[in-house]
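S.K.: Mind looking over this structure? Questions follow.
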Amino acid sequence: MCLAIPGKIKKIFNDHTAEIEIGGIVKKASLDLIPQVAVGDYVLLHAGFAIQVIDQKKALEIFRAWEGKVD
Amino acid sequence: MRYVDEYRNKEIAQKILRQIKSISKKKINLMEVCGTHTMAIFRNGIKKMLPHNINLISGPGCPVCVTPISYIDEIIALSRGENFIITTFGDMIRVPGSTSTLEKEKTDGADIRIVYSTLDALKIAQDNSSKEVVFMGVGFETTSPTIASAVLKAQKERIENFSVLSVAKIIPPAMEALLGGEELNIDGFICPGHVSAIIGSQPYNFITAQHKVPCVICGFEPLDILQSIYMLVKQIEDGRAEVEIQYERAVKPEGNKIALDKINEVFKVIDSDWRGIGNIPLSGLEIKDKYRQFNARKFAVETEETKEPKGCRCGEVLRGVITPPECPLFRQVCSPENPQGACMVSTEGTCAAYYKYN
């Protein structure tokens, strides 16, 4: 039930909602829980609400940590 | 980046696995608290990849599964009222109450509607102003801010025929309750990533400080889960117990303050019954008196006497004490088509995961 899916904000409307693209499909969602976002940001979408912004720098750290690693 | 496929890279997965194998010496039990993790672990065959000394145990983190039967009876009683529309997330509709399910009630004529979001339920209330629209407030901290947000919107827009029957729950007290028992030895927690996106990492600090059990907040793709297991094994082998965040792209130590403020505005923390675990102090959320008009308990319906399904061992499955195949009903009379207990109904239930993937 705690499923949340990453999507990209395409459009923001005045009523704190946004169009969010997830794998080619556009969904309308509320920005009530993370109002400080911009078009182009990636957010986690849960039950019609964006619940958190994805930190794009931190998202790469796992690759930095393991890609060069020789075992 | 789409923040999905990249975290399914086989080469990196192999590297992490080799590292896990090279540092892991002790025989350990790691509990994945969250049902979404349980499904991801099964779907990706992660249990089978790990060395034999690392045992993954599924925990109580499926809201559908830990909702007490008495609550299902309460919502069924409401659905039988003359003027009610019940709105719910799809997972709840087939959960057996003492003698019925919402699905059966719907067949018998009750107005029960599946919604994707609390805001859909609000819209139904707006469109049906002569009816009482009740939302089934089931969920953990990931979902409770969306319920709070709907209540605040209902108040602001004076949607007075909308209310919530809350059975929302808080995860960290349940983790502590499991540590208190003597049935199970948990050496580390794989902590729920999306609950933590809201609550942050601090609420787990007492687990590491008082119980000396390491916690790693974990994402939901295979690399996230393998890296979290690596981080837990490393802590255990080093003799450390800390709260670490693997799922850093989505979880900040402080969580989502706006969402937390909304939860605190609308809800008060109460003791709460968890199916299979019992009553856990300060582990539930009830609508504050200030928002009483949006609390469906104002209708005070009478419910039937609670009956547990005979032979069902969901309780022990939820506490991680037995695995589903140890239950006599599993695959015999209990299946996703004919579920006896909530752990088989829910798509994220441990029994459903074993049925589908094992």
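Rule-based calculations on the coordinates, nothing more; no lab input. Treat the numbers as computed from the prediction; the structure is a model and nothing was measured. Virtual Cβ from ideal backbone geometry, glycine too; neighbours counted across all protein chains shown.
S.K.: If you rank B:Ser58, B:Ser149, B:Ser129, B:Ser100 by fewest surrounding Cβ atoms within 10 Å, what's the result?
M.R.: Details: B:Ser58 29, B:Ser149 26, B:Ser129 10, B:Ser100 18.
Placing the least packed residue first, the sequence is B:Ser129, B:Ser100, B:Ser149, B:Ser58.
S.K.: Mind checking which lysines have their Cα closer than 20 Å to the Cα of B:Lys10? Skip sequence neighbours fewer than 8 apart in that chain.
M.R.: A:Lys69, B:Lys21, B:Lys47, B:Lys48
S.K.: What is the distance, in nm, between label points placed 7 Å from the Cα along the Cα-to-Cβ direction at B:Asn279 and at B:Glu6?
M.R.: 4.9 nm
S.K.: Could you compute the net charge surrounding B:Lys356? Neighbours are other residues with a C-beta less than 14 Å from the C-beta of B:Lys356; K and R count +1, D and E count -1. Please list the in-between numbers first.
M.R.: Details: positive: B:Arg43, B:Lys47, B:Arg331; negative: B:Glu337, B:Glu348.
Neighbour charge sum, excluding B:Lys356 itself: +1.
S.K.: May I pose another question? Counting only residues 5 or more places away or on other chains, whose amide H sits under 5 Å from the amide H of B:Trp274 once H atoms are built in the peptide plane?
M.R.: B:Asn279, B:Ile280
S.K.: Next question. Return the FRET efficiency for the residue pair B:Ser98, B:Asn264: r is the Cβ-Cβ distance, R0 is 35 Å, and the value is rounded to the nearest 0.05.
M.R.: 0.55
S.K.: Starting from the 7 Å offset along Cα-to-Cβ, what nm value, one decimal, do you get for the label separation of A:Lys28 and B:Arg113?
M.R.: Spacing of the two 7 Å Cα→Cβ label points: 1.4 nm.
S.K.: Continuing with the same structure: What list do you get for B:Ser70, B:Ser117 if you sort them by fewest beta carbons within 10 Å? Walk me through the intermediate numbers first.
M.R.: On the way: B:Ser70 16, B:Ser117 19.
Ordered from fewest to most neighbouring Cβ atoms within 10 Å, B:Ser70, B:Ser117 come out as B:Ser70, B:Ser117.
S.K.: Check B:Phe267: other-chain or 5+ apart residues with amide H under 5 Å from its amide H, H built from backbone geometry?
M.R.: B:Lys288
S.K.: While we're looking at this one, here's another question. To make sure I understand, if each residue's beta carbon is the centre and we count other beta carbons within 10 Å, what order do A:His46, B:His211 fall in, fewest to most? Mind showing how you got there, number by number?
M.R.: Numbers: A:His46 25, B:His211 16.
Neighbour counts put them in this order, fewest first: B:His211, A:His46.
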